[in-house]
Amino acid sequence: MEELKQRILQDGLVIDNRILKIDSFLNQQIDTALITHVGQEFARRFKDVHIDRIITIESSGIAVAYAASLALNNCPVVFARKKKSLLTKGEQYTAKIYSYTKEEEYTATICKDYLHAGESVVIIDDFLASGAAAVGLTQIAAQAGCTVEGIGIVVEKTFQTGRETLEKAGFRVESLARIARFENNKPIFVE
Ligand SMILES: O=P(O)(O)OC[C@H]1O[C@H](OP(=O)(O)OP(=O)(O)O)[C@H](O)[C@@H]1O
Ligand SMILES: O=c1[nH]c(=O)c2nc[nH]c2[nH]1
């Protein structure tokens, strides 16, 4: 997606040739016009599949999944929580996920009320790196008896193993910006 790639080149900051920081338009401040276009692009890419529900994970996935929902006939969005609280009492689907940026493991949970056996879902997230978050969400979908029709990612770092892991497990991955590597803290895109 050209608009997204240009924005990454213009405003993205690269840390240690490893982490892309896009806090100025997605991960902290949100450019809603850009994210609306991101949602529309996901809807275009997944127009061939029936989607009952979008699954994502807090925090950064939520805005993107919301934008995709608006472009997919207001398809319901369910997000996994990362922290236990008084709100996560009751029956939950769970997956252990190692966070690449926070360098710690957490348990992602989705309440059993919001995913139903037999539904078709798409997983949406902001980044794909090691694939841990996306794999965790596919595990939650499997526990619920949902079929994962695809995984939509805003920024994929192809030098990490996320896509390989997901494709080996049989999942379709659609990424809107694919970064092959960082050179001198500048992103080099795959295409
Ligand atoms: O493919 P992976 O190695 O799992 O990396 C991608 C995940 O990492 C980031 O989440 P993070 O844990 O940084 O939390 P955040 O969404 O709150 O920023 C990002 O939002 C993805 O969910
Ligand atoms: O903001 C982010 N930048 C990254 O490079 C990354 N990789 C995983 N998760 C990430 N989040």
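The values are calculated or read from the model by the stated rules, or taken from the named source; none is laboratory data. Values in this document were obtained by computation on a predicted structure and should not be read as measured data. Positions of Cβ are generated from backbone atoms using ideal geometry, with glycine treated the same way; all protein chains shown enter the neighbour counts. Remember, those area values only see protein heavy atoms, side chains included, never the ligands or the DNA or RNA. Shrake-Rupley method; radii C 1.70, N 1.55, O 1.52, S 1.80 Å.
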Carbon + sulfur, % of accessible area of the chain - ligands and nucleic acids excluded, 1.4 Å: 48 percent
Dipole magnitude of region 19-76, debye to nearest 20 (Cβ charges: Lys/Arg +1, Asp/Glu -1, about Cα centre): 140 debye
Translational diffusion of region 73-191, µm² s⁻¹ [Kirkwood Rh, Cα pairs; Stokes-Einstein; 10 °C; 1.306 mPa s]: 104 µm²/s
Computed [θ] at 222 nm, helices only, for the chain once each DSSP H run of length n ≥ 4 contributes -39500 (n - 2.57): -9000 deg cm²/dmol
Antiparallel DSSP beta bridges within the chain, percent to nearest 5: 45 percent
Top positive-direction residue, dipole computed over region 1-85 with Cβ charges, set 78, 17, 40: 78
In nm, spacing of pseudo-spin labels at residue 85 and residue 103 (7 Å Cα→C-beta vector): 2.7 nm
Pairwise centroid distance, computed over Cα atoms, of region 25-78 with region 118-168, Å: 14 Å
Tally of Lys pairs whose C-alpha atoms are under 13 Å apart, taken over the chain, 8 or more apart or cross-chain: 10
